[in-house]
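Student: Dumping the structure here so I can ask a few things about it.
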Amino acid sequence: MTEHLHDDTPADTDGDESMLADGPPLADGRNTAVASQWQLMWWKFRRHRLAMAGLTVVVILYLIAAFAEFLAPFDPNSYDRKGGFHPPQAVHLIDRTEEGGLTIRPWVWETELTRDPRTLVSTYQATGEKTYLRWFGEGDSYELWGLIPGNRHLLTPVDPDKRFYLLGADRLGRDMLSRTIHGARLSLLIGLIGVAFSLVLGITLGGLAGYLGGWVDTVISRSVELVLSLPTIPIWLALAAALPATWSTETRYFFITLIVSLVGWTELARVVRGRFMSLKNDDFVVAAVLDNAPQRRVIFRHMLPSLTSHIIASVTLAVPLMILAETSLSFLGLGLMPPAISWGVLLKEAQDVRSIVLGPWLFAPGVAVVITVLAFNFLGDGLRDAADPYN
Amino acid sequence: MLKTSVEDKVDARGDVILDIRDLATHFPMRNATVHAVDGVSLKLRRGKTTCVVGESGSGKSVTARSVLQIVDAPGRIVGGTIALRTGGGEVDIATLHPRSRAIRAIRGRDIAMIFQEPMSSLSPVHTIGNQIIESIRLHEKVTKAEARARAIELLAQVEIREPEKAIDQYTFEFSGGMRQRAMIAMALSCNPQVLIADEPTTALDVTTQAEILDLMRSLQEKHDMAIMFITHDMGVVAEIADDVVVMRHGKVVETGEVNEIFANPRHAYTRRLLESVVKLEQRAEIKRPEAEVLAEQTDPILSVKNVSVVFPLRGPKRKGPARGFRAVNDVSFDLRRGESLGIVGESGSGKTTLGRVLASVLSPSEGGIRFHENGGAGGDVGQLEGEALRNYRRQVRMVFQDPHGSLNPRMTVGQIVAEPLLNNGIARGDALRDRVYDLLEQVGLPAAVAERYPHAFSGGQRQRICIARAIALEPRVVICDEATSALDVSIRSQVLDLLIRLQERLDLSFVFIAHDIGVVRYFCDRVAVMRKGEIVEMGPASQVCDNPQHPYTKALISAVPHPDPTARSMHLRHRYEDAGVS
Amino acid sequence: MLLRYFIRRLLWMIPFLFVVSIVVFALIQAPPGDFLTTYVAKMAESNEGIDQATLERMREQYGLDRSLPVQYWKWISGLAVGDFGQSFEWNQSAWSVIKSRLPLTLVLMLSTFIFAWGVALPIGIYSAVRKYTVGDYVVTFFGFLGLATPNFLLALVVLYLGVRFFGVHMGGLFSDEYEGEPWSLAKVIDLYKHLWIGILVLGTAILASLIRIMRANLLDELSKPYVTTARAKGMAEWKLILKYPVRIALNPFISIIGIYFPALISGAVVTAVVLGYPTLGPLMLQSLLAQDMHLAGGILMIMCSLTVVGMLISDILLALLDPRVRYD
């Protein structure tokens, strides 16, 4: 770039202008000089490989939760009396045609419950028959999001009376894969809704404390300290125990979310308060005040944009806490209750040692929890690192 | 490179103890390798001071750290030799492993180092004594009691009062100057033959700097040390150097004996560096003569009457009248129409607080400021509200010290400059855009920069953007709070010249707050000297700078080092004895 | 100086405990009906009728006919002298039930506390000093895994592995032969033979975050100028790291105790439920499910008070460690 520079100050050509030609050019020719905060953050975030992986996994998980009815092979509550603790089966994709050639179609070995005559232990043995499967076939009917009726599933048995268990079955012969996929919906949603509650509480209280200072700050900061020093699970348990058992599943879900969100807001309030405190005295905010910007504009145009990226990062790190909280509460029997299906509810069935020894695949929802929490943590860490691209 | 002739001369003039040749220290980064030090050669002589001078990023500090092999990761010495010649023979430090026993034996014993930040360079959770005693016992087999006695003696040597008490104190109980003295005591604990000082006085006030430089000189004489003094301040160089090494972009551009360098600089960069420093030694050439200006400027535009600012003290509240820290105490003066008034003072003098009151960031606790709008009488600034306050803020604008912090990184330059115009309903749409372009041009920036973000600009350019924002509303008064102190010397005068031209063009009055006497002398017509919240002296710039009356001003002015090695005057300076001076 | 600091910290506990007690009392009061309605329902269930007069007498005895503040006062003044009310589930005073379980609870928590902090410290230091080495990545990986695995899941996995590969049930705290026996050294050893699983499970999650905290703080400190100063003195690398940056990075590591102690208490509830430990956690869950609110409230109050212990430990250590805190 050849720019005409103030010719009235020839001495100015030293050092001062060295960067004016353009921003520091990056390897792939992006121009940072005209890049907004979000572009810079995205470029910084993209370099963080674990965070990108986390982002991908989180997106996939939420897609699964959104289209659970379609992705799950069966209705999560349908059961097969003969399928209790059925072990997981592998899907075979290549099959031999009757003429002996190879063809591509999914199938699993059909099994049958047999009792060993000597040890009297029951096991599922392959019968030698194949259960053929079909992509996008018709199966249990459902209403997607309670709105769109349908009966197509990603993978269904060709014979609607047959069943297959990619992740095994539980005690009652319900398909663990279908249940885990459906569990994702409530578990993941509780993270989002809980965070939304926390966000409102945290931003309002933290913002008030940080912006107003004085006794408001003292009261709010002390409350945060108090909540932080309470043991959460016992308090949640007591709160959840206080919910009347007669409430509907939906009401209970709402209140459990509320209870769970009691943990997240403190951290958010602390972040928002601290940032507000330091921002308030930053020169560029003082400059905005001196520019006669109205208070609303100072807060929303000048302060909040510096906060949002940090808030997004904190929120991302709060979601897994909520998910873990729901899981623990439901596991202990005081959170969500059947017939609601969440990962915590599912794991409650793995509570006693005998069940898990008979069916270690009951851990499947637990693995889902771990993956989710990990993905959110990686994502949140990456966002936090990228939150301030100006350092 | 200037070899043989100069080097031979250096050798001839004394006993070389440290001989650095073709030193290269590189920082391998993700995309490229930064050649922080790229073929540097220099020599240190016993009992002599070698100043390594350069602007930020010149590699002077990395050179110093390379000598002790304490370059921060991922930096590494990749070439050259560092020959240390002690009584025991010669060692090439560049070949030693940074973690080896051999280099550790040299650090602190043969070569000691002191750093810029006296606050963070000492551990906050260990006593001063603990850290000095440790230094002694690292290299000498003495008992704890003996080491302690030595430490007390060292503290006495660096003129710390009550060393027996000070030895058990923590750094946070010390002032900046005291910490730097403790640091020096620690460095001297094993009688090193070479002392490397990395900008040791940059963070200190001028009077404290003068005392630390005095101390180092007398200790050097006593111990016959070679000192390698890293600095960016040509005044300090002129005051203390025997030899000078000028660095730029990781390379030595010129070395020589101090008088030679100052009298007859050969390299263009050295010349420019000296010119920009010498330029700030007198009133700006582009300004009209002081007497002429003073005669014209008579009617006040801002009247400051008995202003005090009291900050409530933290901690347990005591009964009685509200007491607190008086940052500004009963200050009165007039700012005249069209003048540049300098307010100088050391840290803690209250000059910044006063500036914030003038800019209506803070309200005065007592007293008032009257703004004489277009000859008429305005209200007291402290009591202004609503439209009156908005009007005041349109007329009196501010330029901040930190060019990085005062621009919102999330707005483009165009948006930043447009902000005051928008908020005050001056312009919108195309008119706004044209006005922004016009303002940028006035501060010497092309219109095209409007769509860029502040992070794409250097410090000097950012300060120009700040100035554009300040003059956007055609104000009467601009408060500059240390507006040039974060900039390199060569940029400093450019920004000042810009302000002078704008003053002529826009009929502005400036309040220029600074700790640097040179900048004030260059830019201001009148000067007020502040100390502990009060104005101790006020008058025409030439009078205050050349013929100060108040003893504190005398001490302050005489402690300023001048870029003239033939007229070293700091040791003749006035001392202003008062409780609380470090 | 130090003494005044402690007294100030101790005084701050009083309003804290006061607010906590109000929260707990509110929770006790929250379920519909009161202690007696539950009691009556319980009696009716077991076909033991109860006459109106007894009911009235009990109502008066427990002050259930009084206003809430009076009830709160009765409850809190009872707590002060160790009267936690009656547990109808156990048909004895709540305190005596709690008392039998308190020591093991404390043993579990303190052991885990020592384990988590003791192990996190060296690993955190290692991980920071050897940043971006294989060892650091391994530590970071397991750290994340520990962070993401809920306590109960880990406990279940351990139980499963025990049965699957060793054929033993790893829950409980005592081997059969020591159950109900008086305390002896052998019994203590037996206790720890079981308890280590709980300590491991409970400690892992906290350990993971502690390592992260220690690593991050030490990384910050390692680049501070005073480290360079110490290096320039000629100190050996490990010695100077331990003396300076580690010492200062300990501050947040210690002050986090106040916040992680509650997490420890929380985790202990879930872990103990899965592992079948006779500690306060399962007791509380049981009493909540049975709406035995006096017992649940008492346990909750004790758990909240325990966090005060955590805060005190962290305050005392901090003041000993950092002169700046003392002089503040």
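The values are calculated or read from the model by the stated rules, or taken from the named source; none is laboratory data. As the structure is a computational prediction, the values presented were derived from the model and not from experiment. Here the Cβ positions follow ideal geometry from the backbone for every residue, glycine too, while neighbour counts run over all protein chains shown. Heavy atoms of the whole protein, side chains included, go into the accessibility calculation; ligands, DNA and RNA do not. Shrake-Rupley method; radii C 1.70, N 1.55, O 1.52, S 1.80 Å.
Student: How high is the FRET efficiency from B:Lys251 to B:Glu221, r the C-beta distance, R0 30 Å, rounded to 0.05?
Tutor: So the FRET efficiency works out to roughly 0.40.
Student: Over the alpha-carbon set of the range C:115-195, work out the extent along each principal axis and list the three values in angstrom, largest first.
Tutor: Largest to smallest, the principal-axis extents are 51, 29, 20 Å.
Student: For the range B:450-582, give the percent of accessible area contributed by carbon and sulfur heavy atoms, probe 1.4 Å, rounded to a whole number.
Tutor: 46
Student: Of all DSSP beta bridges located in the protein assembly as shown, what percent are antiparallel, nearest 5?
Tutor: If I count the DSSP bridges inside the protein assembly as shown, around 65 percent turn out antiparallel.
Student: What is the Cα coordinate range of the range B:410-522 on the first, second and third principal axes, sorted by size from largest, in whole angstrom?
Tutor: 44, 30, 20
Student: Moving on to the next point. How much length, in nm to one decimal, is gained on full extension between B:Glu164 and B:Leu506, taken as 0.36 nm per residue of separation minus their Cα-Cα distance?
Tutor: 117.1 nm
Student: Report, to one decimal in Å, the Kirkwood hydrodynamic radius for the range C:102-278 based on all distinct Cα pairs.
Tutor: Hydrodynamic radius (Kirkwood, Cα pairs) of the range C:102-278 is 17.9 Å.
Student: Quote the total accessible area buried by chains B and C together, excluding ligands, DNA and RNA, probe 1.4 Å, nearest 100 Å².
Tutor: Protein heavy atoms only, the B-C interface buries about 2300 Å².
Student: Further question: Which percent of Cα pairs goes in each bin when the distances of the range A:85-168 are cut into 10 angstrom slices starting at zero?
Tutor: In order of increasing distance, the bins hold 16, 38, 29, 15, 3, 0 percent.
Student: At a 1.4 Å probe, which residues in the range B:489-525 are at least 50 Å² less accessible with all protein chains present than in their chain isolated?
Tutor: Buried on complex formation: B:Gln494, B:Arg501.
Student: I would also like to ask the following. Ratio of alpha-carbon Rg to the 2.2 N^0.38 Å globular estimate for the range B:157-206, to two decimals, please.
Tutor: 1.19
Student: Which helices pass in chain C if a helix is a full DSSP H run, must span at least 30 angstrom along its long axis by Cα, and must have mean Kyte-Doolittle hydropathy not below 0.5?
Tutor: Span-like helices, by this rule, are C:2-29, C:94-129, C:185-222, C:293-321.
Student: Still on this structure, I have one more. Under 5 Å between amide H atoms, partner at least 5 residues away or on a different chain: which partners does B:Val52 have, H built in plane at 1.01 Å?
Tutor: B:Phe229, B:Ile230, B:Thr231, B:Val245
Student: Can you tell me the mean projection area, over all orientations, of the convex hull of the protein assembly as shown's alpha carbons? Units nm², please.
Tutor: For the protein assembly as shown, the mean projected area of the Cα convex hull comes to 64.6 nm².
Student: Sticking with this one: Carbon and sulfur: what percent of the range A:180-386's accessible surface (1.4 Å probe)?
Tutor: Here carbon and sulfur together make up 70 percent of the probe-accessible area.
Student: Let me have the relative contact order for the range A:85-168, percent, based on Cα pairs under 8 Å that are six or more residues apart.
Tutor: For the range A:85-168, the relative contact order is 28 percent.
Student: Hand me the tally of lysine pairs in chain A: alpha carbons under 25 angstrom apart, and the pair either on different chains or 8 or more positions apart.
Tutor: 4
Student: Need the full-extension length gain, B:Arg266 to B:Leu432, defined as separation in residues times 0.36 nm minus the C-alpha distance. One decimal, nm.
Tutor: In short, 54.8 nm is gained.
Student: Sticking with the crude label model, points 7 Å out along Cα→Cβ, report the distance from C:Lys239 to C:Ile76 in nm, one decimal please.
Tutor: 5.6
Student: Using R₀ = 56 Å, calculate the FRET efficiency as 1/(1 + (r/R₀)^6) where r is the Cβ-Cβ separation of B:Val78 and B:Gln282; round to 0.05.
Tutor: 0.80
Student: A further question on this structure: Where the only charges are on Cβ atoms (+1 Lys, Arg; -1 Asp, Glu), what is the dipole of the range A:180-386 about its Cα centre, to the nearest 20 debye?
Tutor: 260
Student: Checking the a/c ratio against 1.5 first, then a/b against b/c, what shape does the Cα gyration tensor give for the range B:219-317?
Tutor: Verdict is oblate for the range B:219-317.
Student: When Cβ neighbours within 10 Å are restricted to other protein chains, what is their mean count per residue of peptide C:152-159?
Tutor: Mean shielding by partner chains, rounded to a whole number: 6.
Student: What whole-number value in cubic angstrom gives the convex hull volume per residue for the C-alpha atoms of the range A:180-386?
Tutor: Hull volume over Cα atoms, normalised by residue count, gives 133 Å³.
Student: Using helices alone, what [θ] at 222 nm do you get for chain B, with -39,500 (n - 2.57) per DSSP H run of 4 or more residues, divided over all residues and rounded to the nearest 500?
Tutor: -10500 deg cm²/dmol
Student: What is the packing order of peptides B:516-523, C:235-242, A:143-150, taking the mean over residues of other C-beta atoms within 10 Å and listing the highest first?
Tutor: For the peptides B:516-523, C:235-242, A:143-150, the packing ranking is B:516-523, C:235-242, A:143-150.
Student: Still on this structure, I have one more. Could you work out, residue by residue across B:123-130, how many beta carbons of other chains sit within 10 Å of that residue's beta carbon, and then give the average as an integer?
Tutor: Per residue, the number of nearby Cβ atoms from other chains is 5 on average.
Student: If every alpha-carbon in the range B:118-191 counts as one equal scatterer, what log10 I(q)/I(0) does Debye give at q = 0.14, 0.18 1/Å?
Tutor: These q points yield log10 I(q)/I(0) values of -0.35, -0.58.
Student: What percentage of all Cα-Cα pairs in chain C are separated by more than 33 Å?
Tutor: 42
Student: Take the Cα radius of gyration of chain A and divide it by 2.2 N^0.38 Å, with N its residue count; two decimals is plenty.
Tutor: 1.32
Student: Next question, about the same structure. Residues of B:412-425, mean number of Cβ from any other protein chain within 10 Å of their own Cβ, rounded to a whole number?
Tutor: For peptide B:412-425, the averaged partner shielding equals 3.
Student: A further question on this structure: What FRET efficiency comes out for A:Ser248 versus C:Gln29 if R0 is 22 angstrom and r is the Cβ-Cβ distance? Round to the nearest 0.05.
Tutor: Using R0 = 22 Å, I get an efficiency of 0.40.
Student: Give the carbon-plus-sulfur fraction of the accessible surface of the range A:85-168 in %, rounded to a whole number; probe 1.4 Å, heavy atoms of protein chains only.
Tutor: Accessible surface attributable to carbon and sulfur in the range A:85-168 totals 56 percent.
Student: Then there is this: With a 1.4 Å probe and all protein chains left in place, how much accessible area per residue does the protein assembly as shown have, in Å²?
Tutor: 43
Student: Okay, next question. Over both sides of the A-B contact, add up the buried accessible area with a 1.4 Å probe and give it to the nearest 100 Å².
Tutor: Its buried surface, counting both partners, is about 3800 Å².
Student: Let me ask something else about it. Could you grab the relative contact order for chain C? Cα pairs under 8 Å, six or more apart, rounded to a whole percent.
Tutor: 26
Student: Run lengths n ≥ 4 of DSSP H only: what is the helix-derived mean residue ellipticity at 222 nm for chain C, with -39500 (n - 2.57) per run over all residues, to the nearest 500?
Tutor: So the calculated ellipticity at 222 nm is -25500 deg cm²/dmol.
Student: Over the range A:305-391, what is the relative contact order in percent, taking alpha-carbon pairs closer than 8 angstrom and at least six residues apart?
Tutor: Relative contact order for the range A:305-391 comes out at 38 percent.
Student: For chain B, what is the Kirkwood hydrodynamic radius in Å, using each pair of distinct C-alpha atoms?
Tutor: Hydrodynamic radius (Kirkwood, Cα only) of chain B equals 26.1 Å.
Student: Ignoring ligands, DNA and RNA, how much accessible area is buried between chains C and A, both sides summed, with a 1.4 Å probe, to the nearest 100 Å²?
Tutor: Chain pair C/A: roughly 3500 Å² of buried accessible area.
Student: Which links in B:Lys141/B:Lys222; B:Lys222/C:Lys233; B:Lys48/B:Lys351; C:Lys193/C:Lys243; B:Lys60/B:Lys144 stretch past 28 Å when you go from one Cα to the other?
Tutor: Over 28 Å Cα-Cα: B:Lys48/B:Lys351; C:Lys193/C:Lys243; B:Lys60/B:Lys144.
Student: Provide the packing ranking of B:282-293, B:558-569, B:181-192, i.e. peptides ordered by the mean count of other C-beta atoms within 10 Å per residue, highest first.
Tutor: B:181-192, B:558-569, B:282-293
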